[in-house]
Amino acid sequence: MNIARAELGAVKLEELRFDNRYGRLPPAFYSRLSPTPLPNPYLVAFNPAAADLIGLDREEAERAEFAEIFCGNRLLPGFDPLAAVYAGHQFGVFVPQLGDGRAILLGEATGALGRWDLQLKGAGKTPYSRMGDGRAVLRSSIREYLASEAMHALGIPTTRALAIVGSDQAVIRESIESAAVLTRMAPSHVRFGSFELFSSRRQHEHVRTLADYVIDQHCPQLRDARDPCLELLREVIGRTAKLVAQWQAVGFCHGVMNTDNMSILGLTIDYGPYGFMEGFDRGHICNHSDDGGRYAYNMQPRIAHWNLYCLAQALLPLIDAEEAESALGEYEEQFEQHYSAFMRAKFGLATEQAGDVALLQDTLKLLHDSRADYTTFFRRLGNFDSAAGADNAPLRDLFVDRDAFAAWAEGYRARLALEASTDNERRPRMDRANPKYVLRNYLAETAIRKAVDERDYSEIARLMRLLAYPYDEQPTMQAYAAPAPQWASALAVSCSS
């Protein structure tokens with residue numbers, strides 16, 4: 001949506017308008033409480049683009065009150081803080097009660113670009129903290145702040161991030177770290193697990209209430225359907241199929257696809273142990289805690305389908321089981337359609353041909369066998385020279401088996417010829433489908449180390465500027481497109497990330 005900033009309005013902090021429709025649901029859906037004060041807060045990062053979404057004047061971030069408000073120390077008029085309760089399947093095991101253990105919803109800010117939940121992640125203990133301290137650390141807050149905005153720039157549905165507020169308060173994880181609060185934004189934070197909670201308790205009236213809430217507030221076009229709740233399931237299936245297809249196409253690995261981490265609106269939420277694929281490995285596991293590889297890259301489409309079955313099970317008090325089964329049967333075809341379309345764009349193919357599946361499979365095998373860098377390969381593919389005999393050295397040099405590459409290149413060249421593709425016409429299309437810059441783990445780690453060790457937040461801001469335009473060349477930033485250096489091979493992210 002291209003709207004000039006002047007059209008969005010620019011209000012002061014005290015002029016922000018808030019509502020909390022979720023807070024008008026029955027008390028069983030949440031616990032009302034205020035954030036735990038954070039000592040001596042200071043601003044680490046501020047995202048002007050997110051401020052525009054709620055009509056907040058960008059200059060307000062320079063006020064001392066900004067950090068106080070967005071760590072929860074000071075509540076603005078209209079704030080209605082609460083922690084939501086939900087359940088979920090965690091690594092395949094149902095946990096009957098989870099909830100916002102360290103996140104507090106302040107309410108919905110309303111602006112020219114709609115209504116946005118403002119949620120403080122790391123705002124202190126809640127009734128759902130499960131022995132936790134309710135705090136987030138600066139390290140993980142930076143990772144989520146950068147990732148959510150990087151995903152948005154890639155065109156992938158996601159929560160957004162307004163700001164990080166830090167503190168010197170000590171927090172114990174694997175080591176002693178410093179506390180931080182991330183202000184997260186989304187149209188809704190309702191999850192699959194929100195429905196699972198009430199279904200597991202046989203509180204079917206609450207399942208109905210929640211379904212009606214989601215339909216009325218977020219999918220009003222479904223209200224007049226013959227069976228609105230069934231259509232809601234279909235809507236979620238469609239959104240989830242497209243979301244996971246986008247993850248797969250860009251090489252993103254979520255890491256913890258528990259049902260409590262699956263958005264009812266098809267958003268990417270709860271960034272913890274995530275990663276963008278580098279050396280291509282179909283079974284890549286980005287989460288060091290995922291010993292069995294349940295959430296490996298090649299498992300993501302299947303796990304999303306499994307999670308949708310859990311959601312459908314929770315909705316069975318409201319919908320017919322056979323119709324739900326039929327709707328779930330549509331997932332795989334929808335995923336394949338979306339994924340095929342995204343991958344054709346990455347290959348620069350304007351038409352669909354019978355051999356496209358084989359081309360994709362051959363390409364992924366070639367990448368897997370050489371562990372070639374996924375993002376680099378597809379970006380360089382835009383410069384593929386389709387002339388007979390061209391060696392395409394920049395692309396070829398990504399592969400150990402040169403003969404295998406040569407055979408693949410001949411097949412790709414023949415495929416391009418089927419639609420009379422020309423290099424000059426195809427190249428700009430491919431550059432718009434294949435990012436040059438993604439948030440590689442070592443880039444995030446560099447920003448984190450500067451922030452934690454030196455209180456230097458400049459690299460966070462630099463990455464935000466870079467990742468806002470992932471498809472542009474950005475000549476002065478070429479080094480940020482490089483594969484990970486040797487030192488980064490020791491990096492590992494886990495559920496504490």
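Observations, loosely collected:
- Residue within the stretch 158-167 that is touching a Ser or Thr at 6+ places or on another chain (Cβ under 9 Å), on the phi < 0 side of the Ramachandran plot, buried (at least 17 other Cβ atoms within 10 Å of the Cβ) and not in a strand (DSSP E or B) present: yes
- Residue among Leu113, Leu75 that alone is at pLDDT 95 or above and surrounded by fewer than 24 Cβ atoms within 10 Å (Cβ to Cβ): Leu75
- Residue count for the stretch 466-492, restricted to those that are surrounded by 12 or more Cβ atoms within 10 Å (Cβ to Cβ), touching a residue at least 24 places away in the same chain (Cβ under 8 Å) and not in a helix (DSSP H, G or I): 11
- Filter result for the condition that a residue is touching an Asp or Glu at 6+ places or on another chain (Cβ under 8 Å), of a type in the set (A, V, I, L, M) and farther than 26 Å from Leu43 by Cβ, over Ala490, Ala484, Ala468: Ala484
- Note on the stretch 188-226: residues that are under 15 Å from Ala84 (Cα atoms) and either acidic (Asp, Glu) or not in a helix (DSSP H, G or I) (or both) amount to 5.
- Exclusive hit being surrounded by fewer than 23 Cβ atoms within 10 Å (Cβ to Cβ), in contact with a Cys (Cβ under 6 Å, 6 or more places away or on another chain) and of a type outside the set (A, V, I, L, M), set Glu231, Glu205, Glu235: Glu235
- Hits in the stretch 452-497 - residues which are among the β-branched types (Val, Ile, Thr) and closer than 21 Å to Ala161 by Cα: Val452, Ile460, Val493
- Some residue of the stretch 250-263 being among the β-branched types (Val, Ile, Thr), outside any loop (DSSP other than H, G, I, E, B) and under 23 Å from Ala372 (Cβ atoms): yes
- Residues that are touching a helix residue (DSSP H, G or I) at 6+ places or on another chain (Cβ under 7 Å), small (Gly, Ala, Ser), under 17 Å from Tyr30 (Cβ atoms) and modelled with pLDDT of 95 or more are absent from the stretch 220-232.
Residue-by-condition table, conditions (1) crowded, with 19+ Cβ neighbours inside 10 Å; (2) out of contact with any His (no Cβ under 8 Å at 6 or more places or on another chain); (3) among the hydroxyl-bearing types (Ser, Thr, Tyr); (4) within 26 Å of Leu364 (Cα to Cα):
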position	(1), (2), (3), (4)
Cys253	yes, no, no, yes
Met257	yes, yes, no, yes
Gly272	yes, yes, no, no
Asp281	no, no, no, yes
Ile285	yes, yes, no, yes
Ala296	yes, no, no, yes
His305	no, yes, no, yes
Glu332	no, no, no, yes
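- For the stretch 44-65, the criterion of being touching a Leu at 6+ places or on another chain (Cβ under 6 Å), surrounded by 15 or more Cβ atoms within 10 Å (Cβ to Cβ), on the phi > 0 side of the Ramachandran plot and not in a helix (DSSP H, G or I) is satisfied by at least one residue.
- The set of residues from the stretch 114-134 being on the phi > 0 side of the Ramachandran plot and touching a residue at least 40 places away in the same chain (Cβ under 8 Å) comprises Gly114, Gly122, Gly124, Gly134.
- The set of residues in the stretch 293-305 that are out of contact with any strand residue (DSSP E or B) (no Cβ under 8 Å at 6 or more places or on another chain) and within 14 Å of Asp260 (Cβ to Cβ) contains only Ile303.
The values are calculated or read from the model by the stated rules, or taken from the named source; none is laboratory data. No experiment lies behind these values; they were computed from the predicted model shown. FYI the Cβ positions are ideal-geometry reconstructions off the backbone, even for glycines, and counts take in every protein chain you see.
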